[in-house]
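The values are calculated or read from the model by the stated rules, or taken from the named source; none is laboratory data. No experiment lies behind these values; they were computed from the predicted model shown. Every residue, glycine as well, gets a Cβ built from its backbone with ideal geometry; the counts of neighbours run over all protein chains shown.
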Ligand SMILES: *Cc1c(COP(=O)(O)O)cnc(C)c1O
């Protein structure tokens, strides 16, 4: 008997599992598990003996056969306390989830491990993705490992390190004039003729399920006590959707109890559709503001299901904040000085937390989790190291040290 099916979050339609992400009504379809049945085969006490990857939760992922699993060792990333930030922000407990330690250096690995496993199980071989970069390189790596042929389209200003990474994994790489949705339109137009399977955000059910494992891990790592607040850097939004789904499933399994964590969604000023639609009633006719933010995973002017993200934030009593490019850069420096390599998106969570504290959105005793979705080196400017001294002896080093005192 199949342990999972698809359900439309908008109209409630229930269908057998298939590789699709949208319902005929336009709503998002997500995987619905028979949690009653699953709870008879797995208990949370069985988890510690399992593999140190996100596949420790395989019963809660939409793959039936062990042979279908395409894994490069993703997930089960460290969750560490940040004592210097706690002192700084006068909060009792700040955790950082080190998603930059995933294969391909971002949490996108989780989504594509699942999506490519699902494709393999169902015999699809030609995935294509529109991406700001990290989804492209993650797809490229997982497709390569599974012997599939990936096509990726990124904006023309995508960081060169990431575009190169896609090439290394053998993907067909194209750059588009415009934004991620322009890339998506091209894939939609060509998919029938080219036989592509569109694995963009919310186009198929696997990626949200993979991202969900971040939430399962958070709960397990915190000994089944959910944190009070999760600060999440939001682009297409499937990370927040996945985390929310994780906590709901855990509650249904009775592995956790209490309130869901409040989500604080962070975006960069200059492309902040979630912040805007949370604070202003939707006006479909209003012209879209011009996009002026940096080319990162946060730059998604048209999230595929904005109303779902907004409803999750509201349901949990959360909020959404926008931070400037400078605030992100300062937070990135600060995290670096704490020993953490954070991408602009990851650093945005710290900038967002600072703002949330200033606005009184967080109480001192609450526990907060920052999700460091990727590392700084993907966006590095190598010229920034050219002023560093080159030495050839200890004597020279000693002279420089003495001068800098
Ligand atoms: C894709 C991405 C995001 C945005 O995540 P969503 O789940 O699409 O909202 C944030 N940070 C990084 C590093 C990303 O690659």
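In a residue-by-residue description of the stretch 359-368, the property of being touching a residue at least 12 places away in the same chain (Cβ under 8 Å) and within 16 Å of the ligand (Cβ to nearest atom) applies to no position. When the stretch 346-399 is examined, which residues are found to be surrounded by 12 or more Cβ atoms within 10 Å (Cβ to Cβ) and out of contact with any helix residue (DSSP H, G or I) (no Cβ under 9 Å at 6 or more places or on another chain)? Hits for the stretch 346-399 are 356, 366, 367, 396, 397, 399. Checking each residue of the stretch 247-259 against the condition of being within 19 Å of the chain's Cα centre (by Cα) and within 16 Å of the ligand (Cβ to nearest atom) gives at least one match.
Among the residues of the stretch 195-236, those identified as surrounded by fewer than 24 Cβ atoms within 10 Å (Cβ to Cβ), touching a residue at least 12 places away in the same chain (Cβ under 8 Å), away from the ligand (no atom under 16 Å from the Cβ) and outside any helix (DSSP H, G or I) are 195, 196, 197, 222, 224, 225, 226, 227, 228.
Residue 342 - would you say it is at pLDDT 95 or above and either within 16 Å of the ligand (Cβ to nearest atom) or over 26 Å from residue 219 (Cα atoms) (or both)? Considered against the rule, which asks whether it is at pLDDT 95 or above and either within 16 Å of the ligand (Cβ to nearest atom) or over 26 Å from residue 219 (Cα atoms) (or both), residue 342 comes out as yes. Kindly provide the set of residues from the stretch 101-125 that are closer than 20 Å to residue 76 by Cα and either within 13 Å of the ligand (Cβ to nearest atom) or surrounded by fewer than 24 Cβ atoms within 10 Å (Cβ to Cβ) (or both), ordered by number. Selection gives 101, 102, 103, 104, 105, 106, 107, 108, 109, 110, 111, 112.
Of all residue pairs spaced 6 or more apart or on separate chains, those with beta-carbon atoms under 7 Å, a first member in the stretch 137-151 that is in a strand (DSSP E or B) and a second member that is surrounded by fewer than 24 Cβ atoms within 10 Å (Cβ to Cβ) are 151/172; 151/196. Kindly indicate whether any position in the stretch 180-187 is touching a residue at least 12 places away in the same chain (Cβ under 8 Å), assigned to a loop (DSSP other than H, G, I, E, B) and away from the ligand (no atom under 13 Å from the Cβ). No: zero hits.
Of all residues in the stretch 307-324, those that are within 11 Å of the ligand (Cβ to nearest atom) and either surrounded by fewer than 21 Cβ atoms within 10 Å (Cβ to Cβ) or more than 10 Å from residue 274 (Cα to Cα) (or both) total 0.
Would you point out the residue of the stretch 160-178, among those that are assigned to a loop (DSSP other than H, G, I, E, B) and modelled with pLDDT of 95 or more, that is surrounded by the most Cβ atoms within 10 Å (Cβ to Cβ)? So the residue we want is 171. For the condition over 21 Å from residue 237 (Cα atoms) and more than 14 Å from the ligand (Cβ to nearest atom), residue 330 qualifies. When the stretch 276-298 is filtered for residues that are more than 16 Å from the ligand (Cβ to nearest atom) and either under 24 Å from the mean Cα position of the chain (by Cα) or modelled with pLDDT of 90 or more (or both), the ones remaining, listed by number, are 279, 290, 292.
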